[in-house]
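The values are calculated or read from the model by the stated rules, or taken from the named source; none is laboratory data. What you see is a predicted model, and the numbers here were worked out from it, not measured in a lab. Neighbour counts run over all protein chains shown; Cβ positions are idealised from the backbone, glycine included.
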Amino acid sequence: MTTQFIDVDVRPILRAGGEPFGAIMAAVTKLQPGEGLRLLATFKPVPLFQVLGARGFSHEAREIGGGDWEVLFSPGAAAAAPAPAAAPATPAASDDAWPQPAQEMDNRDLEPPEPMVRILAATETMAKGAVLSALLCREPMFLLPELAKRGHAWRGGFEPDGTTYKILIRVGAAKEAA
């Protein structure tokens, strides 16, 4: 069976300084069985490879000129069932009592990838078990796999205002629970 690709061109969003992640994920959720995504972007979207890979998609990227990229995301067997959005790094970490945040950050006025860079840099300076609290203007989809890779646990969600995403990161806690 040949994969039918749905085109998503995020180059205008990127050139206008916008964040295309929401548009990409909205398109992914609308895909029918057997459909893939043909993404056009102004850079090679490496973090997206892991995000969609977790949803069962393989990727094939090629530069198409002028610094632009075309990426074909093809569905695999696991792509039919959407992956949960942002689960804690370890279930045990969700049930434990966490200490009060040792550090707080407000990253709502920063453009990507600056919030992720600042958060990861801060976790490098914190003691194991310490908690970082950060406010963001969107769900940090690219940050979550990095936190897991570095052995940190997290909890997060949108605040009642619906526009602020608050994430708590417990440094090194995922390694303890493993």
Answer from E111, E124, E146 - the residue that is without any contact (Cβ under 8 Å) to a residue 12 or more places away in the chain, surrounded by fewer than 21 Cβ atoms within 10 Å (Cβ to Cβ) and not hydrophobic (A, V, I, L, M, F, W, C): E124
Do we have A102 as in the same structural domain as F142 (by TED's automatic domain parsing), over 17 Å from the mean Cα position of the chain (by Cα) and at pLDDT 85 or above here? yes
Yes or no: E139 among the acidic types (D, E) and surrounded by fewer than 15 Cβ atoms within 10 Å (Cβ to Cβ)? no
Those residues that are loosely packed, with under 15 Cβ neighbours inside 10 Å and either of a type in the set (S, T, N, Q) or over 18 Å from F142 (Cβ atoms) (or both), I need them from segment 10-30; list them, please. P12, R15, A16, T29, K30
Please state which of the following conditions T90 fails to meet, knowing it meets all the rest: (1) under 16 Å from the mean Cα position of the chain (by Cα); (2) at pLDDT below 80. (1)
Taking the stated definitions as given, is L14 aliphatic (A, V, I, L, M) and under 18 Å from P75 (Cβ atoms)? no
Does P82 count as modelled with pLDDT of 85 or more, touching a helix residue (DSSP H, G or I) at 6+ places or on another chain (Cβ under 7 Å) and within 30 Å of T3 (Cα to Cα)? no
I'd like to know if segment 13-29 contains one or more residues that are touching a Gly at 6+ places or on another chain (Cβ under 9 Å) and not in a strand (DSSP E or B). no
So, in segment 1-38, how many residues would count as being out of contact with any strand residue (DSSP E or B) (no Cβ under 8 Å at 6 or more places or on another chain) and aliphatic (A, V, I, L, M)? 5
Subset of segment 44-72 (residues that are at pLDDT 95 or above and outside any strand (DSSP E or B)): none
Those residues of segment 50-64 which are of a type in the set (K, R) and closer than 13 Å to P75 by Cβ, in sequence order: R55
Of all the residues that make up segment 98-117, how many are under 20 Å from G129 (Cα atoms) and either among the charged types (D, E, K, R) or part of a loop (DSSP other than H, G, I, E, B) (or both)? 6
